[in-house]
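The structure appears below as structure tokens.
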Amino acid sequence: MLVRPSMILLRPFAIAALVILATCEEDRLRKLEGQMIEMKAFQSYVMAFTVPGVTGLHGPIVTRAAEVDKADCSDVLKLGLSRGSGVYKITPWNTHKEVEVYCDMDTEGGGWTVFQRRYDGSVAFNRSFVDYERGFGSLDGEFWTGLGLLYTLTSRANMTLRIDMSLPDGTTGFDEYSGFYISPPDRYNFNVDRRMNSERMTNSYLLSDNSSRWDINHQPFSTYDRDVDNWFGNNCALRHGGGWWFNECMTNNLNGPYNSDVQDRET
Ligand SMILES: [Ca+2]
């Protein structure tokens, strides 16, 4: 269930931490200077996914019935029903229950189902597990699509995940990963295969820097009231804010305090 803006606790700008670089050699840092947007306060961040053709199926292979015609935003686009970026009604392939989602019909050809969007800090992201499971915010503004729906939508096929970020000066960057899906409740693990495409991000993977103790790939979703992270004896969500696929803890937390330039890597 989405919460209307009037019910949302407004929060002021920025408090702590968001992003940090993984270790880079000095020459590499110099080489990438001017291209990176990490370690700065983001103005906006958007997380979205789409279907990468017909490859990469995992789990049950679904023969999509004619009546299940709009299982996500990629279908809306393919069926010629796009009227630009905005809110659309879709029918997930396995629940057959109509829901509203925000479709990005502009980025890279469109067809992206947006599941996280932040750009002004008007919506609090430091929330309970129940909130993260159900979703919160407004599709017309900042929001998080519930983990339940995210699991459903990404269980149809492995998706392409895209993260778009921008800085206050207008600099933009993005990351794309293949093989994205969310595991079933109630762990909702984050899963990607590999980074496919990137612009103005560093060689330290934004979401998956592979095999470090901060890598979030395959980690379950933790909140302050549901600690399933790998920081034994402590709670990453309590320390850093927001719900996330914390490991021990993370290099990036896109659900953390909004627009902050404080480094986040801890423990
Ligand atoms: Ca812990």
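The order of MET47, MET196, MET105, going from fewest to most other C-beta atoms within 10 Å of their C-beta, is MET196, MET105, MET47.
Other residues within the sphere of radius under 11 Å centred on the Cβ of ARG117, judged by their own Cβ, net out at -4 (K and R +1, D and E -1).
No value in this document is a laboratory result; all are computed from the given coordinates. This one's a predicted model, so the numbers in the text were calculated from it and none came from an experiment. Counting neighbours? That spans all protein chains shown, and the Cβs are built from the backbone with ideal geometry, glycine included.
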